[in-house]
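The values are calculated or read from the model by the stated rules, or taken from the named source; none is laboratory data. Keep in mind that what you see is a predicted model, and the values were worked out from it rather than measured. Neighbour counts run over all protein chains shown; Cβ positions are idealised from the backbone, glycine included. Ligands, DNA and RNA are stripped out before the accessible areas are found, and what is left, the full protein with its side chains, is counted by its heavy atoms. Shrake-Rupley method; radii C 1.70, N 1.55, O 1.52, S 1.80 Å.
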Amino acid sequence: MRRPGRIVLAVLLALGLAPGIVWRSAPPVPDSSQRIAYVRLPIPEGDAARIGGPDSPVMTGAWRIESPNSRFGSYSALLADGKDGFLAFSDQGGFLRAPFPGQRGQVKIGRALPGAGHFKQMQDIESATSDPAGDYIWLGLEGRNAIIRVKRDLSGAQTVRPLQMKLWPENGGPESLLRLSDGRFLTLAESPYSWSTGGSPALLFPGDPLKGEEGLEFRFSPPEGYLPTDIKQLPDGRVLILMRGIGLFPPRFTAKLALADLADIREGEPWPWQEVGTIDRPFPLDNYEGLVVAGGKAGAPLTLWIISDDNGGEMLQHTLLLRLSWQMPPPAR
């Protein structure tokens, strides 16, 4: 997703981190090869690997993903794909199926919505969710403020443009989309209607949005300087929210994780949340937009995977993949 603020940030990043490096190189020759490489990145060790207090997640791995494929990159949504792999979607209408680092599996890079032509508004995928069996995937499109349902193989696309999302900011949502374990759907816009409204608009649908039912409207108010980019449900029913921030001194992206309870959602009101931790220096930083939560059964630690959107290879951005381990705290109630 590109917008003036991100372009300004890219310039700031280039000027702040690498003076004199401003212009991008010429576009690469089209490449359809199905290859990726994981380049391991250094991360802090011991207690320094925690992203917050003593109960916060611990970063256990970080990789830069590289590929010569022309459609590689710009990943804004992330899903688990079986036990050992993931499925990422880009705001350029592409997808990546791949094994997690250290696992074996096939890599496939291609177009997620081949019938969308080359218009970004028709394929600007910012969020994704699936049913427990993985038979269907729902995609949230920015610009159109639409939700598209496809089969696991990405065929059979059906689209709905909920009236309640019609006035959501064109460059702001649905940035997060989640099918809950009880069949309801939750979606958060990335940006507020205006900065005076006190939070980003959000909807809780009683079922599949393609049924046309109205959702309960509420708000999500992130900390100052942050916006929600993905959301996943935890084994105990609560949800984990990924938020992206922009730091200016020095110029950099940051990220936060927040924990929220569905029982606290009230129509027309802000949704309460509690901070889990912050990804900032000295951790690898980029434009983190996609989240996967795995494990956590029978009290075992959760594994969190987070992927970054490189904005099409803008300036010094990369496709990064983080792995964190987290022993989530019990519910307060």
Counted residues, the range 211-237 - those being open to solvent by 20 Å² or more (accessible area, probe 1.4 Å), touching a residue at least 60 places away in the same chain (Cβ under 8 Å) and not acidic (Asp, Glu)
3
Residues in the range 54-67 that are touching a residue at least 40 places away in the same chain (Cβ under 8 Å) and open to solvent by 40 Å² or more (accessible area, probe 1.4 Å) total 4
Please pick out the residue among Gln121, Gln92, Gln103 that is polar (S, T, N, Q), assigned to a loop (DSSP other than H, G, I, E, B) and either modelled with pLDDT under 90 or surrounded by 14 or more Cβ atoms within 10 Å (Cβ to Cβ) (or both).
Gln92
Search the range 181-206 for residues being modelled with pLDDT of 95 or more and surrounded by fewer than 16 Cβ atoms within 10 Å (Cβ to Cβ), and hand back the single one that is nearest to the chain's Cα centre (by Cα).
Ser181
Please go through (1) small (Gly, Ala, Ser); (2) open to solvent by 10 Å² or more (accessible area, probe 1.4 Å); (3) in contact with a strand residue (DSSP E or B) (Cβ under 8 Å, 6 or more places away or on another chain) for Ala332 and return the number of the only condition it doesn't satisfy.
(3)
Within the range 132-163, residues open to solvent by 60 Å² or more (accessible area, probe 1.4 Å) and over 20 Å from Ile109 (Cβ atoms) come out as Pro132, Ala133, Asp135, Tyr136, Gln158, Thr159, Arg161, Leu163
For the range 141-157: of the residues being of a type in the set (A, V, I, L, M) and outside any strand (DSSP E or B), which is nearest to Phe95 (Cα to Cα)?
Leu154
Any idea which of Asp264, Asp280, Asp286 is charged (D, E, K, R) and buried (at least 20 other Cβ atoms within 10 Å of the Cβ)?
Asp286
Which residues, taken from the range 31-85, are assigned to a strand (DSSP E or B), touching a helix residue (DSSP H, G or I) at 6+ places or on another chain (Cβ under 9 Å) and not β-branched (Val, Ile, Thr)?
Met59
Of residues in the range 238-261 being modelled with pLDDT of 95 or more and over 19 Å from Ser308 (Cα atoms), the one most open to solvent (accessible area, probe 1.4 Å)
Asp261
Working only within the range 69-89, note down all residues that are without any contact (Cβ under 8 Å) to a residue 40 or more places away in the chain, in contact with a Lys or Arg (Cβ under 8 Å, 6 or more places away or on another chain) and either open to solvent by 40 Å² or more (accessible area, probe 1.4 Å) or of a type in the set (Lys, Arg) (or both).
Asp84
When the range 136-193 is examined, which residues are found to be in contact (Cβ under 8 Å) with a residue 12 or more places away in the chain and among the hydroxyl-bearing types (Ser, Thr, Tyr)?
Tyr136, Thr159, Ser176, Ser181, Thr187, Ser191, Tyr193
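Take the conditions under 23 Å from the mean Cα position of the chain (by Cα) and more than 20 Å from Leu285 (Cα to Cα) and apply them to Gly61. Does it pass?
no
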Which residues, counting only those in the range 305-319, are of a type in the set (A, V, I, L, M) and either more than 12 Å from the chain's Cα centre (by Cα) or open to solvent by 30 Å² or more (accessible area, probe 1.4 Å) (or both)?
Met315, Leu316
